[in-house]
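The values are calculated or read from the model by the stated rules, or taken from the named source; none is laboratory data. As the structure is a prediction and not an experimental result, all values here were calculated from the model. Note that each Cβ is placed from the backbone with ideal geometry, even for glycine, and that neighbours are counted across all protein chains shown.
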Amino acid sequence: MKQDRIIEISNKCITNTYNRYPLALVKGRGISVWDSEGREYLDFVSGIAANNLGHCHPQIAKAIKQQAGELIHVSNLYYTIPQMEMAKLLTKKSFADKVFFCNSGAEANEAAIKMARKYSRDHYGEDRFEIITMHQSFHGRTIATISATAQDKFQKGFEPLLSGFRYVPFNDLTAVEKAINGRTCAIMVEPIQGEGGVNIPDKDYLKGLREICFSKRLLLIFDEIQTAMGRTGKFFAYEHFDLSPDIMTMAKSLGGGVAIGAMLARDEVASSFIPGSHASTFGGNPLACAAGVATIKAIDKSILSHCKRTGDYFIRRLKKLKEKYSFIKDVRGIGLMIGMELSFPVRVITEECLKRGFLVNCTMDRVLRFLPPLTVKAKNIEKLINALDGIFKEIKGRNIISQL
Ligand SMILES: *Cc1c(COP(=O)(O)O)cnc(C)c1O
């Protein structure tokens, strides 16, 4: 089918919630995707960090095919082998003892919010339910999670929001201490903010939050929906900081591209969930868990060290570009979670990238976000750098920035 026709029919029948690029994708392999006209693109978005092993990774595709022929879904009224295997793997790899499965990031955070409230109520009584979250955070699009997300643009028009959240600036321990009162039950934070522009906290920030939570008996919740699954060069981002949270949420790459989310917690905290506390029809169904097990197993030590090495290389190359163009304000990243902040809206850049055969993401208006598969090769990075250099040169020459 012609690309224009696919786009036309889609626009007619699908809610207009995405500012989509005029591109209909039909096939993917590794870092490459193809549109319906047969044109190839190098994908530096990876489904927004949901395809950390690239497209159609053979082990993941095989696991899905196999499981689809055995058992797709039975509900959580019964035990299944893929769910057991996945929970065992996740608890073995992390600080956590227990896993609750759901289908998305927002749902994982919903579960975390419910667990924090329930735990606090069980241990400290009814009036302790507030959760502190950070400016520029992103926790999802349900009513509870937009209430947790301290950004106007996600909340506007959907009031009244859920009560029980207090917002403070990211990377500011004093502000957190000031915001704590008798009602506070938890602090919720992304170890590295993704949607908010790839913001990396100071070295002691997360440690400071950990100490505050210990001393005030608050739960520390890490939203690792974007940062886990090897994205930062460690399996979980918290491993960079020599500490662990009480509750952690995952989704995005957890199923290698298949929808699945998870909320993980220490035993003592998880025990506040009892039969009836929470549930999900599809959460952790055999098909999604088979994909998840294959994905987790495939992210091995060599993938992690490759991610770190190529991430460092990518950042170095982007910083070289920054020396050449004054409108590049900042380059920051860890592993293959990388942001480049410009002095003007970057949509014009992502559109130019698309014309040249590269998928690149834009966030917070002025930040180019790069989330390639963890298996990306240096030669792919080199191609993108050359394309960006060409685009930047043209922009500098035409001086179109002044018009933006
Ligand atoms: C993507 C994301 C979410 C929301 O996940 P959905 O699966 O879209 O609901 C929440 N938190 C973070 C940090 C994310 O990156």
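Could you grab me the full set of residues in the stretch 10-32 that are hydrophobic (A, V, I, L, M, F, W, C) and surrounded by 12 or more Cβ atoms within 10 Å (Cβ to Cβ)?
Here is the first cut: in the stretch 10-32, the ones hydrophobic (A, V, I, L, M, F, W, C) are 13-14, 23-26, 31.
Answer for the stretch 10-32, where residues must be hydrophobic (A, V, I, L, M, F, W, C) and surrounded by 12 or more Cβ atoms within 10 Å (Cβ to Cβ): Leu23, Ala24, Leu25, Val26, Ile31.
Here is a yes/no grid of residues against (1) within 11 Å of the ligand (Cβ to nearest atom); (2) in contact with a His (Cβ under 7 Å, 6 or more places away or on another chain); (3) outside any strand (DSSP E or B):
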{"position": "Ile187", "(1), (2), (3)": "no, no, no"}
{"position": "Pro191", "(1), (2), (3)": "yes, no, yes"}
{"position": "Gly197", "(1), (2), (3)": "no, no, yes"}
{"position": "Pro201", "(1), (2), (3)": "no, no, yes"}
{"position": "Met229", "(1), (2), (3)": "no, no, yes"}
{"position": "Glu239", "(1), (2), (3)": "no, no, yes"}
{"position": "Met248", "(1), (2), (3)": "no, no, no"}
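Note on the stretch 173-185: among residues that are of a type in the set (A, V, I, L, M, F, W, C) and touching a residue at least 24 places away in the same chain (Cβ under 8 Å), the one that is farthest from the ligand (Cβ to nearest atom) is Ile180. Note on the stretch 33-44: residues that are closer than 13 Å to Gly357 by Cβ and either surrounded by 16 or more Cβ atoms within 10 Å (Cβ to Cβ) or in contact with a Cys (Cβ under 7 Å, 6 or more places away or on another chain) (or both) amount to 6. When the stretch 250-270 is filtered for residues that are touching a residue at least 12 places away in the same chain (Cβ under 8 Å) and either charged (D, E, K, R) or away from the ligand (no atom under 16 Å from the Cβ) (or both), the ones remaining, listed by number, are Lys252, Ala265, Arg266, Asp267, Val269, Ala270.
Screening Ile60 with (1) surrounded by 17 or more Cβ atoms within 10 Å (Cβ to Cβ); (2) in contact with a Pro (Cβ under 8 Å, 6 or more places away or on another chain); (3) closer than 28 Å to Thr363 by Cβ gives one miss only, at (2). Taken over the stretch 359-402, the residue count meeting the criterion of being β-branched (Val, Ile, Thr) and either within 21 Å of His55 (Cβ to Cβ) or free of Cβ contacts under 8 Å to residues at least 40 places away in the same chain (or both) is 4.
Suppose we keep only residues that are closer than 20 Å to Pro191 by Cβ and not hydrophobic (A, V, I, L, M, F, W, C) within the stretch 158-177. Which one would you say is surrounded by the fewest Cβ atoms within 10 Å (Cβ to Cβ)?
Thr174
In the list Gln155, Gln66, which residue meets the criterion of being under 20 Å from the mean Cα position of the chain (by Cα) and loosely packed, with under 15 Cβ neighbours inside 10 Å?
Step by step, each of Gln155, Gln66 is checked, and only Gln155 is under 20 Å from the mean Cα position of the chain (by Cα) and loosely packed, with under 15 Cβ neighbours inside 10 Å.
Within the stretch 83-114, being in contact with a strand residue (DSSP E or B) (Cβ under 7 Å, 6 or more places away or on another chain) and within 16 Å of the ligand (Cβ to nearest atom) holds for Phe100, Phe101, Cys102, Asn103, Ser104, Gly105, Glu107, Ala108, Asn109, Ala111, Ala112, Ile113.
With a requirement of 2 or more residues that are surrounded by fewer than 19 Cβ atoms within 10 Å (Cβ to Cβ) and charged (D, E, K, R), the strands (runs of 3 or more DSSP E) lying completely within the stretch 292-404 that satisfy it span 328-334. A search for C-beta distances below 6 Å between a residue of the stretch 133-160 that is modelled with pLDDT of 95 or more and more than 13 Å from the ligand (Cβ to nearest atom) and any residue that is of a type in the set (Gly, Ala, Ser) and not in a helix (DSSP H, G or I), counting only pairs 6+ apart in sequence or on different chains, returns His135/Ala150. Selection of the stretch 210-227 for residues being within 16 Å of the ligand (Cβ to nearest atom) and hydrophobic (A, V, I, L, M, F, W, C) yields Leu220, Ile221, Phe222, Ile225. Whenever a residue of the stretch 333-353 is more than 19 Å from Leu42 (Cβ to Cβ), its partners that are crowded, with 19+ Cβ neighbours inside 10 Å and hydroxyl-bearing (Ser, Thr, Tyr), lying with C-beta atoms within less than 8 angstrom and at least six residues away or across chains, give the pairs Ile334/Thr232.
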